[in-house]
Amino acid sequence: MMGTIPLPTGWKRTMLGQVTDMQMGVTKGKVTQGSTVKLPYLRVANVQDGYVDLSVVKKITLKCSEVNRYRLRLGDVLFTEGGDFDKLVCRGTVWNGEIEPCLHQNHVFAVRPDYDYLLPEFLAFQAAPEYGRRYLQLSSKQSTNLASINSTQLKQFPVLVPPLPEQRKITEILRTRDQAIEMTDRGTAGRCPHPETWPHAEIAHGGVAGNSGG
């Protein structure tokens, strides 16, 4: 069950919607009138586990006045609305501005963290392991081997929010760990430890939990 492990001093557990803004994407096939522009946009197929696949990027036509409404910003964390059941939540991926400008379709959520409380990469690491996987799979609507989740359910995802200095330390430790794993096996790079164990397991030995009482 989520939320059963006591958190260190200074850590909080809150709903995603309380520390982020969520941007909906552009709908394909909308009727466009007036001045328009054709721009690249991300589809579900582009958003993978821990990275963005830009091998095939399509373009979409929309009104010039709507560009900012659907435009991705550096540091957005991308989640997909649906897909294969076992892959639904392996999609907490940080957008690093690889294409500018770039939009996203309505089946991709752009979650924009409040930098005063939450770092994008720290959020992305919480979505990939069993912690995020279990919540989003249990919350999703399922049919055969497919699953989907809506914005309301995603906003209720219980996010761990340590002080920002600890988020930076944990993120650096997990990033280094993933890079080491990737050198031997790309397929396991996203298998992070359960986030609620971060201050109690090997990350604690790295000096993070020792600072949590300050």
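The values are calculated or read from the model by the stated rules, or taken from the named source; none is laboratory data. None of the values given here were measured: they were computed from a predicted structure. So basically every Cβ, Gly included, is an ideal-geometry build from the backbone, and we count neighbours across all protein chains shown. Heads up: the accessible areas ignore ligands, DNA and RNA and are worked out on the full protein's heavy atoms, side chains in. Shrake-Rupley method; radii C 1.70, N 1.55, O 1.52, S 1.80 Å.
Hey, could you check region 30-46 for residues that are more than 18 Å from SER151 (Cβ to Cβ) and among the β-branched types (Val, Ile, Thr) and say which is most open to solvent (accessible area, probe 1.4 Å)? The residue in question is VAL31. Taking the criterion of being hydrophobic (A, V, I, L, M, F, W, C) and modelled with pLDDT of 95 or more, the residues of region 34-59 that qualify are LEU39, LEU42, LEU54, VAL56, VAL57.
Run down THR152, THR184, THR144 and say which single residue is out of contact with any strand residue (DSSP E or B) (no Cβ under 9 Å at 6 or more places or on another chain), within 28 Å of TYR70 (Cβ to Cβ), at pLDDT below 90 and open to solvent by 70 Å² or more (accessible area, probe 1.4 Å). Break it down stepwise before answering.
On the way: THR184 fails: within 28 Å of TYR70 (Cβ to Cβ); THR144 fails: within 28 Å of TYR70 (Cβ to Cβ).
Just a single option satisfies the conditions, and that option is THR152.
Give me the residue from region 80-102 that is at pLDDT 90 or above and within 16 Å of the chain's Cα centre (by Cα) and, out of that set, least open to solvent (accessible area, probe 1.4 Å). Going through the qualifying residues, I end up with TRP95. Restricting attention to region 10-29, the residues being open to solvent by 60 Å² or more (accessible area, probe 1.4 Å), assigned to a strand (DSSP E or B) and within 19 Å of THR80 (Cα to Cα) number 2.
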